[in-house]
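As structure tokens, the structure follows; a few thoughts come after it.
The values are calculated or read from the model by the stated rules, or taken from the named source; none is laboratory data. Since the structure is predicted, the reported quantities are computational estimates derived from the model, not experimental observations. FYI the Cβ positions are ideal-geometry reconstructions off the backbone, even for glycines, and counts take in every protein chain you see. We work out accessible area using only protein heavy atoms, side chains counted, and drop any ligands, DNA or RNA first. Shrake-Rupley method; radii C 1.70, N 1.55, O 1.52, S 1.80 Å.
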Amino acid sequence: LMQPEFLNEALKACKNAGMHTAVDTSGYARWEILEKAAGLTDLFLYDLKIIDDKKHQEFTGVSNKIILENLRSLSAMGKHIQVRIPCVPNVTLTEENIAQTIDFLKTLAHKPDEVNLLPYHNTAAHKYERFGMDNHFESTKSVLKQELEDVRMQFVNAGFNVQIGG
């Protein structure tokens, strides 16, 4: 969505070739851009991190208001959406954030086709070192799929189709 003209041309070409189209997005874009792409997109893989706006700003550097509003708008259009939740201990993987996420998703006009719980893994730690970058999650342990079963059941009990992993 940072290169909307290219994206839309690529989506058109795929559609003309009879291909299924998908856009993987954080949803952080002006609605006019997302709306144009939505007309050419069969499926949105939509990252949803933190519902609390102050915490979202703290961890991502931006407000989530546009992200949440865009998700509402795509849902109202009846678009196929897979909500992807990165499960990072003490950031997104908190009781509070999981409960808020479920509550938010319940307010959408159409349920997401699927919710994907994506376990955090720290396998990129060596890349931070190699590029001399600060790794704020250096001491964060990877999450095993089985550790997310309770979280999966919370979403299932709220009526969502949920998978662990991509």
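Things worth noting here:
- Expressed per residue, the C-alpha convex hull volume of the chain stands at 132 Å³.
- Carbon/sulfur fraction of accessible area - the chain, other protein chains in place, 1.4 Å, %: 51 percent
- Between D150 and K54, full extension at 0.36 nm per residue minus the direct alpha carbon distance yields a gain of 32.0 nm.
- Per-residue accessible area (protein heavy atoms, 1.4 Å probe) orders R84, R30, R130 as R130, R30, R84, starting from the largest.
- Links that overshoot a 27 Å alpha carbon limit, given the list K15/K49; K36/K127; K49/K145; K111/K141: K15/K49; K36/K127; K111/K141
- Cross-link partners of K106 among aspartates and glutamates (Cα-Cα below 19 Å; sequence separation of 8 or more within a chain): D47, D52, D53, E69, E95, E96, E114, D150
- Each of H80 and E5 was given a label point 7 Å from its Cα along the Cα-to-Cβ line. The distance between the two points is 3.0 nm.
- Accessible area, probe 1.4 Å, largest first, for residues C87, C14: C14, C87
- On Cα atoms only, tilt of 65-76 relative to the major axis of the chain in degrees: 50 degrees
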